[in-house]
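The values are calculated or read from the model by the stated rules, or taken from the named source; none is laboratory data. What you see is a predicted model; the values in this text were computed from it and never measured. Here Cβ is always computed from backbone atoms with ideal geometry, including for glycine, and neighbour counts include all displayed protein chains. Surface areas here come from the heavy atoms of the whole protein model, side chains and all, with no ligands, DNA or RNA. Shrake-Rupley method; radii C 1.70, N 1.55, O 1.52, S 1.80 Å.
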Amino acid sequence: MFGMGAGVAPEDQLDRSQTRRVLRRVLRMAYPFRKTAYVSLGCVVVTTAATLAAPILVRHGIDAGIRANDVYELNLSVGLYLVITALAYGFGRLQYVFLNRTGEAFLRELRLKVFAAMQSQSMAFYDRNKAGVLVARMTADIETMGELIQWGLLQFLASGFLVVLAFAVLFTLSWELTLVVLIVFPVIVIASVKFQRDSNVAYLSVRERVGQNLGTLQEGIAAVRVIQAYAQEDHQIKRFQRSNRSLFDSHVRSIRISTWYFGLVEFSGVVAASLVVGIGGWLVHRDAVSLGTVVAFILLLSSLFDPVQQLSQLYNGVQSAAAALHKLFGILDSEPEIGEAPDAVDLPRRGVLEVNGVTFTYQAGTHPALKQAEIVVRDGERIALVGPTGAGKSTLAKLMARLYDPSIGSVSYGGTDLRRATLASLRERIVVVPQEGFLFNGTIRENVRLARITASDEEVEAALARLGILDHFERLPDGLDTEVRERGSRLSAGERQLVALGRAALVDPAVLVLDEATSNLDPGTEAEVEAALERLMQGRTTIVVAHRLTTVQRADRIVVVDKAQIVEVGSHAELLERNGKYAALARAWEKSHAL
Amino acid sequence: MTGTPLDPDAAAAAKGEAEEQARAQRNLGWHLLWKTLLEQKRALILGVAIGVTWTAAKVAVPQLTKHAIDRGIEQNGPLLAWSVFIAIAGVATGLLTAGRRYLAFRESRWTETLLRERIYAHIQRLHVAYHDKSQTGQLMSRASSDLQQVQQFVVMIPITLSNVAQLVAVTVILSLTDWRLAIVALAPLPFINVASRRFSSRIHPAVLAVQNEQAQLASVVEESVSGVRVVKGLGTEQVQFDKLRKEADDIQRVSLKAAGIRSRFLPAIDLLPSLGLIAVLGYGGHRVINGDMSIGDLVAFNVYLTMLVWPLRNIGMMVALGQRAAAALVRVHEVLSTEPAVKSPEKPRQLPPRTSATQTGAVRFESVHFGYDVDREILRGFDLAIAPGESVALVGATGSGKSTIVRLLLRFYDVTNGRITIDGVDVRRLDLGELRRNVGVVFEDTFLFNDSVRNNIAFSKPDAEQSIVERAARLAGAHDFINQLPDGYDTQIGERGYSLSGGQRQRVAIARAIVADPRVLVLDDATSAVDPSKEHEIRDAMRTVMSGRTTIVVAHRPGTIALADRIVLLDGGVVAAVGQHRDLIESSERYREVLAAWAVRDAESDAADGSGIAETRGSIAAPTGGD
């Protein structure tokens, strides 16, 4: 089995105590599935024993049957051989079924647990961990284990048993010949261990270069227009050739490692046989062992050597699975940062949104993203947050919706601290509409319904109708049941935003937190989005992270955030009069509008 | 189809034709592999020779064991000599196993490597229209996963050949030893082959189904993670969790299905040889008791039978691998057999030499017609003559064909009617390399390679001296910021390196065009990705580069347009107006409309912030939660 492409990077390798902890925890997690696990273990023991019984029966057939000219004993051996073959087949099937049942149930549990753990984390967790890494945890890392379960675990267990049992059997047959085998056996073990180590290194280098080569390949395809425009095809082809050849070299190095190993294994096997024949024959002459024993030894040799090879190859698989589990446990162990207090209460229907002396730091030890923020938003008031990129206006908006909890200070709605509110009532009262209209796979209807999963079709339609955008979607060929496909590539950016607004309308919250889009929309939908937004904001407290002058001018009050602090608060006219930061900003805006 | 819709003959004929076509395709694919393998024939022949010798050594071992038992042990013969013979055979099989393995794997990797280079080189030379239609991922899998299928097949060729030799040799030896026992012992073995073939063809779709479900789960995770703002904002964690549970259940279901297939076949494949062994013990044992054969033969039979297990399994696998490789080869062949639609002419003409005395760089578009689709023309008789050294700004609404003109000049596409000349020579009569070396373009979306800044600038002349690179960077106004990068000109940039701001990227691109020193410079909307407040920096760079060189500027901001000597307004695929900015603003209403539309876009796309694009912080910037 040279197919298992597992490898462990040095930095992922676990030390002994970590491995022990991981194993212990796996056993704990697997406890609910212990019944099927025991059954599969039992099956493994039976099939392994059957494999070993065969050469013994052959020996019996030769010694007691053939050489003693006893037909009954010969027939007995043949009959028993048939029986154990049938047994081995039956239990062999069962061991596949039960082992996979156990393994897949375990993996399913692991998938659900890890995903649930990820979902219970706050935004801060998602800021810290790259999206790609989180996806890899749920996919590649768990699949590594799946592969191990499908192929490896069975072999690993069976091989272990086989080596131990085979030695026991050999020893009872003839301790002298067992000593002979022990001359060659260590060579295989040492070679296997060295091979396992070297091939891991080679595998990692191949994997790295495959990645590099794919990168160069992708770059060459993506940049083909630039390359052709500058007539640089030949140079780029050479560049690719270099990376491609270096991958080839890496392959060859890895081939060399397996070449000597497999040659050595083959050699050792035959040499062991020659020793058994030579020394065994000598012992037969001296009547120390029977001829049948010698034959049984020759047949048993492969039951000894194959499992050692398999064990060494599987070792990498087991190690990488342990490394993967270690990372997954890391996610399972991270405490959810935004949780529900035990004595949580529902937020009042309406109220004042109050930010009290809030300071917030994304990561301990870094500069605060927001310092000492104070603001009281009246019920139904429209607030525009403005300021340079990175000044902290989005952070302020997110804190007001409890996507984060303040490091110092508090945010409250209707007098209730958001941290003491039930999560359900929080998401019902305060809804965040992010900048980009993010769509999930599914239909438009499903995407809107996402906001309140219990909503009926009529309620979804009514919500869209309230915003005046129901017609727009019903005009599509499949209406609201249009599949959005691949991140909504079927819908325009404007339409995606309309869906996002529809979601908010379905929740019908008291407070809206909007991150205004900076990207361009086509003029047609632009107007539609504007109109829908205006209807959505009607009668609700609204916090807008604003990028457009028109939006700012329509706000009741403007909050200017600069360098992590609220520097100015007031209406458009008031702030212009003050002639401070906002006035400068507004002037810059005006200018960029002018021809 | 007219007439009877269910005409069986016609349907059969159509089906036959499709099959015929598929077969022809497959043959082309195999032919491609054959040609590639011929280039490595020496190593492959050596590999096969080693394989056959290996078979001989391997087959000899049980024979020697038999003689050792019969003559050495049973008859008290020269036991030591036989053991030594076995050991020698051991040395031989060890060496030959190693050689066979090394050659098989090395050569298969070499085939893969060569084919990949051919695909890459071919892709590089394929016309742009081809790339417009094909997806990067598709082309990538031609050069990666498809070639992997081919490699897995090629590696099996020498191994399979020696396996076949082994099969034949063992069958012959066993038949010669005792043909009756041979028939009984070998009877169960063909089933191993049948079973492994069945297994391969059954497990393949099951494995694909598992992968498919895994991909679906990955997409749920992916959307939950990248859409986390929506999930958290609306508190819809449960919805995503339910979706994930469905996918996890699906994976479990299809995995168990695959396990079911494995459980049905694998133990059977493992145990079928035992039936042969039982036959040998039972029937053979009786024959030994009756004195019809020796006990050494019996043991040899045993050993030979176990020896056949792997070859039979491999040959079974080989069929499945061959089918997959054939499909992959067809796809690879499809790419390689696509002819580039835009090619250098057989006998290219030369551009008149550039001397200080004569001015070069005259560009003429003569009633140019062109459309990406046959039924939708973008250019409908575009006429423009640009004098050497003159700079012209192309202005027009989205989709008016400004960028198309640039692409036609570079011969990314060929005009459907009319012609384009540079210094009097039709671009189609020029060698592609010469044409493109003489037209330098700065595209709207700058592509930076994963390479050093220096190599990105020296892109058109990889051997250019540092002084030339620096001069170009200075002219493009890039020298100062490059010096401030961590490793100066050696800083790695691109997707995997240091990320530059939009303005910095454009300046690198302009420097790239300067190094090329073209007769005609094209700036295709080179400033549109740049913050208006930063635009003046690029504009200065552009002004320097344009002086004394024929330049076509595609632009929509007044400041950039003003750099050109002449403005051409493009509307409806033809030249709608020509003149100076001031004149056009007064005389052309369309011109005013176009500029106003662009201005509105610009104003709305710029965030209120004064700091513009993330500047040099880029990839090392703080977590996305910042703002």
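Tell me, yes or no, whether the stretch B:296-306 has at least one residue that is in contact with a helix residue (DSSP H, G or I) (Cβ under 8 Å, 6 or more places away or on another chain) and not in a helix (DSSP H, G or I). No, because not a single residue in the stretch B:296-306 is in contact with a helix residue (DSSP H, G or I) (Cβ under 8 Å, 6 or more places away or on another chain) and not in a helix (DSSP H, G or I).
For the stretch B:392-408, residues that are in contact with a helix residue (DSSP H, G or I) (Cβ under 7 Å, 6 or more places away or on another chain) and surrounded by 23 or more Cβ atoms within 10 Å (Cβ to Cβ) total 4. For the stretch A:229-244, the set of residues classified as at the interface with another protein chain (Cβ under 7 Å from one of its Cβ atoms), out of contact with any Pro (no Cβ under 7 Å at 6 or more places or on another chain) and not hydroxyl-bearing (Ser, Thr, Tyr) consists of A:Ala229, A:Ala231, A:Gln232, A:Glu233, A:Gln236, A:Ile237, A:Phe240, A:Gln241, A:Asn244, listed by residue number. Of all positions in the stretch B:374-386, at least one carries a residue that is out of contact with any Phe, Trp or Tyr (no Cβ under 7 Å at 6 or more places or on another chain), aliphatic (A, V, I, L, M) and either assigned by TED's automatic domain parsing to the domain that holds B:Ile69 or open to solvent by 40 Å² or more (accessible area, probe 1.4 Å) (or both).
Checking the stretch B:579-591 against the condition returns no match, with no residue being hydroxyl-bearing (Ser, Thr, Tyr) and at pLDDT below 80.
When A:Asn100, A:Asn75 are checked against the criterion of being facing chain B (nearest Cβ under 8 Å), in a helix (DSSP H, G or I) and at pLDDT 90 or above, A:Asn75 stands alone in meeting it. Identify, from the list A:Val284, A:Val252, A:Val308, A:Val265, the residue that is closer than 26 Å to B:Pro78 by Cβ and either touching a residue at least 40 places away in the same chain (Cβ under 8 Å) or within 10 Å of chain B (Cβ to nearest Cβ) (or both). One residue alone meets the criteria, A:Val284.
The residues on offer are A:Gly387, A:Gly392, A:Gly365, A:Gly380, and the sole one that is away from chain B (no Cβ under 14 Å) and at positive phi is A:Gly380.
Inclusion of A:Glu340 among residues that are without any contact (Cβ under 8 Å) to a residue 60 or more places away in the chain and acidic (Asp, Glu) is not warranted. Confirm whether B:Asn193 is open to solvent by 60 Å² or more (accessible area, probe 1.4 Å) and at pLDDT below 90. Here the answer is no, as B:Asn193 does not meet what is asked.
Among the residues examined, A:Arg225 qualifies as surrounded by fewer than 21 Cβ atoms within 10 Å (Cβ to Cβ), charged (D, E, K, R) and not assigned by TED's automatic domain parsing to the domain that holds A:Ile188.
Just one of (1) in contact with a helix residue (DSSP H, G or I) (Cβ under 8 Å, 6 or more places away or on another chain); (2) open to solvent by 50 Å² or more (accessible area, probe 1.4 Å); (3) of a type in the set (Asp, Glu) fails for B:Asp146. It is (2). Every condition in (1) in contact with a strand residue (DSSP E or B) (Cβ under 8 Å, 6 or more places away or on another chain); (2) not assigned by TED's automatic domain parsing to the domain that holds B:Ala526 holds for B:Leu408 except the one numbered (2).
Residue pairs whose Cβ atoms lie under 7 Å apart, separated by 6 or more positions or on different chains, with the first residue in the stretch A:445-460 and within 14 Å of chain B (Cβ to nearest Cβ) and charged (D, E, K, R) and the second outside any helix (DSSP H, G or I) and open to solvent by less than 80 Å² (accessible area, probe 1.4 Å), are A:Arg449/A:Ala455. Filter the stretch B:472-483 for residues that are in contact (Cβ under 8 Å) with a residue 24 or more places away in the chain and open to solvent by 20 Å² or more (accessible area, probe 1.4 Å); which is farthest from B:Gly433 (Cα to Cα)? So the residue we want is B:Phe481.
Regarding A:Arg128, is this residue at the interface with chain B (Cβ under 7 Å from one of its Cβ atoms), open to solvent by 10 Å² or more (accessible area, probe 1.4 Å) and touching a residue at least 40 places away in the same chain (Cβ under 8 Å)? Yes: the conditions hold for A:Arg128. Summed over the stretch A:86-111, residues that are of a type in the set (Ser, Thr, Tyr) and surrounded by fewer than 20 Cβ atoms within 10 Å (Cβ to Cβ) total 1. Every condition in (1) free of Cβ contacts under 8 Å to residues at least 60 places away in the same chain; (2) closer than 21 Å to A:Tyr72 by Cα holds for B:Arg264 except the one numbered (2). Being touching a residue at least 12 places away in the same chain (Cβ under 8 Å), more than 7 Å from chain A (Cβ to nearest Cβ) and under 15 Å from A:Ser268 (Cβ atoms): is that true of B:Ala104 here? No; evaluated as a whole, the condition is false for this residue. If you filter the stretch B:436-456 down to residues that are outside any strand (DSSP E or B), within 13 Å of another protein chain (Cβ to nearest Cβ) and touching a strand residue (DSSP E or B) at 6+ places or on another chain (Cβ under 6 Å), you find that the one that is farthest from B:Glu366 (Cα to Cα) is B:Leu448.
No other residue among B:Thr171, B:Thr111, B:Thr177 is hydroxyl-bearing (Ser, Thr, Tyr), under 25 Å from B:Ala49 (Cα atoms) and touching a residue at least 24 places away in the same chain (Cβ under 8 Å) apart from B:Thr111.
Only residues that are more than 27 Å from B:Ser134 (Cα to Cα) and open to solvent by less than 30 Å² (accessible area, probe 1.4 Å) were counted in the stretch B:323-354, giving 1. The single condition among (1) more than 12 Å from every other protein chain (Cβ to nearest Cβ); (2) part of a helix (DSSP H, G or I) that B:Gly433 does not meet is (1). When the residues of the stretch A:3-32 are filtered to those that are at pLDDT below 75 and surrounded by fewer than 11 Cβ atoms within 10 Å (Cβ to Cβ), the one that is farthest from the chain's Cα centre (by Cα) is A:Gly3.
Look at B:Leu186 and say whether it is within 30 Å of the chain's Cα centre (by Cα) and among the aliphatic types (A, V, I, L, M). Here the answer is no, as B:Leu186 does not meet what is asked. Put simply, of A:Val265, A:Val294, A:Val276 the only residue that is open to solvent by 10 Å² or more (accessible area, probe 1.4 Å) and in a helix (DSSP H, G or I) is A:Val265. Taking the stretch B:84-101 as the range and being more than 7 Å from chain A (Cβ to nearest Cβ) and within 34 Å of the chain's Cα centre (by Cα) as the test, the residues that pass are B:Gly99, B:Arg100. Among the residues of this structure, B:Leu272 does not count as one that is open to solvent by 20 Å² or more (accessible area, probe 1.4 Å), over 35 Å from the mean Cα position of the chain (by Cα), more than 14 Å from every other protein chain (Cβ to nearest Cβ) and under 30 Å from B:Lys58 (Cα atoms).
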